[in-house]
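Below is one structure, written out as structure tokens, with a few remarks after it.
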Amino acid sequence: MIAISPTQQDRSALARQTKRLLRQPDWLPSMIGRARNVAQSLQDAPPTDLRRHTEYLRRFVQSGQDPRTDSVLVLSAAGVVEAIRRSLGLTLFDVQIHAGLIVSLGAVAEMQTGEGKTLSVAIPAYTASLSGAGVHVATPTDYLAKRDHEKLKPAFELLGVSTGLVIDSSTTTEKQAAYRADITYAAANTFGFDYLRDQIAFDAGDHHRRAKRFYSLAKPDQRQETKLQRGLSAVIVDEIDHVLIDDAVSPLLLSGSKDGQSPDAPIHVAAKEWADRLSVGDDFEFFGRSQVRLTDQGFDRVYDSDASTWIVHPSLIRPWHEYVIAALRAKHLYQRDIHFVVRDESVQIVDSSTGRVFQDRTWSDGLQQAIEARESLPIQPETQALARITRQRFFRGYRFIGGMTGTATGCESEFASVYGLAMETVPPRLPSKRVEMPIQVSLDKDSKWAMIAEQTEAMIDVGRAVLIGTLSIAESLEVASVLESKGIGFELLNGIQDADEAALVALAGQSGAVTVATNLAGRGTDIPLSDEVKRAGGLHVIVTQKHTLARVDRQLVGRCARCGDPGSSQTFVSADDALVANHAPWIARAIGRYSNSPSSEMPDVSKNLLRVQTRQQQAASASRKRLLASDHDVSKLWSSSDQTPARCWQL
């Protein structure tokens, strides 16, 4: 294996080495066949033999042998195959073993949706657990972590492997017990936040750092008692593109705040009133993606005599004009049900790429409080950052990483350079029966909604089920309103992933069912089709507009025609869609030239939109790589300061 330094920026060499192994002729089919033969020999063995099987492999790996050798991989896969057969009554398909072996090598397995990624994860998790250092299985949400843990716990127990689960409500004692297990399931964010908690537990301040390091060496047992995690040894990531790439620009930030109303709440209310007096162009202007700056005239108006009370208010934590700028941003740039939702008298941020609601995230620099003032909500104190780390730096800290997703194509270069991960596509178990209908183009949203409602009605009339995927909560509400006006019944998913939402998604395959959801609502939950729906043509997926990332569109379309079932999809585009209006106005002009033409004569813009999406993905990837380089430079700076005498560093 190639040695990779934790601080090494480009890890492509490791990915190339793994790729060469995966591309060996007949290597994977041979490994699958050998694993099946060993699994068959274990079928008549007593339960104690399965545990002895694990003990033998543990001794072999912990004596210094590489767990990624052919013999260990074959024996590990065989043990998992037999344990799942006994505990769940299921026989793993070749594609599931195939995917498990790929991830066991430290790579990304691109596996089609519905092929059984949950069971495939058991092979690399078991293999990595043999070292005794612990394995983290990271999922996008608490719900998926709990579901997957409950499903595979009996199989791991048969093998003599302990498992643990960490969720938001877990106590410190429960977390410590879960992290001491061989395999720990949790949401990806949870692993990161608990890592930060461990970092600050014995490092309350820079001036105490050396003393506390000495203390931890002098009394290691006491340090161990307060730690949550054992370290970053191995991680298996479900939906790895979403966790490692889409979320990479959002740092993991551990923060705290005081209870009660913010001391500067009256200032935010006053800033909101001042923002209502200012006019765009004369007093302020927009720049960048979501920024506002005051003109000279606006600056003078904000600091005129009428504002004297607020200019010198004792509760100011930043200059008065910055409160006004935050109020202007809240008023003009952040829309309810698109950028945030209001629940339980609190502002909750909506992920722009997925439509998911984050209850534990807040905006910084007074923006959160400015939006609370705008919505006439209780204004909470600003959170204070206790520790932070970029997701890229956190996951690069693991000695071993692998994962699965259905939408890795297009991310190969970033996976390789940032994380040292090769990507290998697992062929589907059965040929796909998906029918992708031609894109439908319209002049504006109103005509697009009418076309979507008409198609939805036609599909349910013949006994099919329909899933309508939207980019935002606001858009899902628009679609719901149109369907309601047409008398079409539907279920609306609000973007909070929990057991109730998963239950609704699971019912989306019944005859006549119509489900309206943001793109990633219910991601990871199967949609089983009734026999009537299968006979009628399967689930039909409607994409209400193109996402900036083609991967997100593919993931939504992948909800239909799983595992050889029939299904179809169709994408609808209008000239005022966000992607078209913001990134391809020439496409909007081309559509406008057909204003008097029927929809059947509208231009085919699918290839043009794909090129726009490709450019957007490249720009996003470049931004993430710049973030990584910047983080690397900051890390080097802090590393240097650690070696400098304290008083010189202060100078």
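Odds and ends about this structure:
- Contact map, the range 324-348: first residue over 20 Å from Pro378 (Cβ atoms), second residue in a helix (DSSP H, G or I) and aromatic (Phe, Trp, Tyr), Cβ cut-off under 8 Å, separation 6 or more or different chains; pairs are Val324/Trp274.
- Of residues in the range 363-382 being in contact (Cβ under 8 Å) with a residue 40 or more places away in the chain and in a loop (DSSP other than H, G, I, E, B), the one nearest to Ile245 (Cα to Cα): Asp365
- Residue within the range 288-299 that is polar (S, T, N, Q) and surrounded by 13 or more Cβ atoms within 10 Å (Cβ to Cβ) present: yes
- Residue in the range 76-86 that is surrounded by 22 or more Cβ atoms within 10 Å (Cβ to Cβ), within 29 Å of the chain's Cα centre (by Cα) and acidic (Asp, Glu) present: no
- Residue, modelled with the lowest pLDDT, within the range 1-27, restricted to residues that are assigned to a loop (DSSP other than H, G, I, E, B) and among the aliphatic types (A, V, I, L, M): Met1
- Hey, Ala385 outside any loop (DSSP other than H, G, I, E, B) and out of contact with any helix residue (DSSP H, G or I) (no Cβ under 9 Å at 6 or more places or on another chain) or not: yes
- Selection over the range 423-478 of residues that are of a type in the set (Asp, Glu) and assigned to a helix (DSSP H, G or I) gives a count of 6.
- Residue match in the range 399-416 (condition: in the same structural domain as Val108 (by TED's automatic domain parsing), among the hydrophobic types (A, V, I, L, M, F, W, C), out of contact with any strand residue (DSSP E or B) (no Cβ under 6 Å at 6 or more places or on another chain) and crowded, with 17+ Cβ neighbours inside 10 Å): yes
- None of Val505, Val462, Val466, Val514 is under 21 Å from Lys534 (Cβ atoms), at pLDDT below 85 and either surrounded by fewer than 18 Cβ atoms within 10 Å (Cβ to Cβ) or not charged (D, E, K, R) (or both) except Val505.
- Tyr398 passes every criterion in (1) outside any strand (DSSP E or B); (2) in contact (Cβ under 8 Å) with a residue 24 or more places away in the chain; (3) closer than 30 Å to Ala271 by Cβ apart from (3).
- For the range 559-593, a residue qualifies if it is in a loop (DSSP other than H, G, I, E, B) and in contact (Cβ under 8 Å) with a residue 12 or more places away in the chain, and the qualifying residues are Arg559, Cys560, Ala561, Arg562, Cys563, Gly564, Asp565, Ala575, Asp576, Asp577, Ala584.
- Which numbered condition Ile542 fails, given (1) aliphatic (A, V, I, L, M); (2) modelled with pLDDT of 85 or more; (3) in a helix (DSSP H, G or I): (3)
- Residue count, the range 326-362 (criterion: part of a helix (DSSP H, G or I) and crowded, with 16+ Cβ neighbours inside 10 Å): 6
- Among the residues making up the range 448-459, those that are touching a helix residue (DSSP H, G or I) at 6+ places or on another chain (Cβ under 9 Å) and crowded, with 16+ Cβ neighbours inside 10 Å are Trp449, Met451, Ile452, Ala453, Thr456, Met459.
- Residues located in the range 419-434, provided they are among the aliphatic types (A, V, I, L, M) and in contact with a Lys or Arg (Cβ under 7 Å, 6 or more places away or on another chain): Ala422
- 1 or more residues farther than 18 Å from Met423 by Cβ and modelled with pLDDT of 95 or more: qualifying strands (runs of 3 or more DSSP E) within the range 98-174: 135-139, 163-166
- Taking the conditions (1) modelled with pLDDT under 50; (2) touching a Leu at 6+ places or on another chain (Cβ under 6 Å) in turn, Pro220 satisfies each one other than (2).
- Across the range 417-447, the qualifying residues are those that are under 30 Å from Val249 (Cβ atoms) and aliphatic (A, V, I, L, M), and the one among them that is surrounded by the most Cβ atoms within 10 Å (Cβ to Cβ) is Leu421.
The values are calculated or read from the model by the stated rules, or taken from the named source; none is laboratory data. Keep in mind the model is a prediction, meaning the values are calculated, not measured. Quick reminder, even Gly has a Cβ in these numbers, built from the backbone with ideal geometry, and neighbours come from all protein chains shown.
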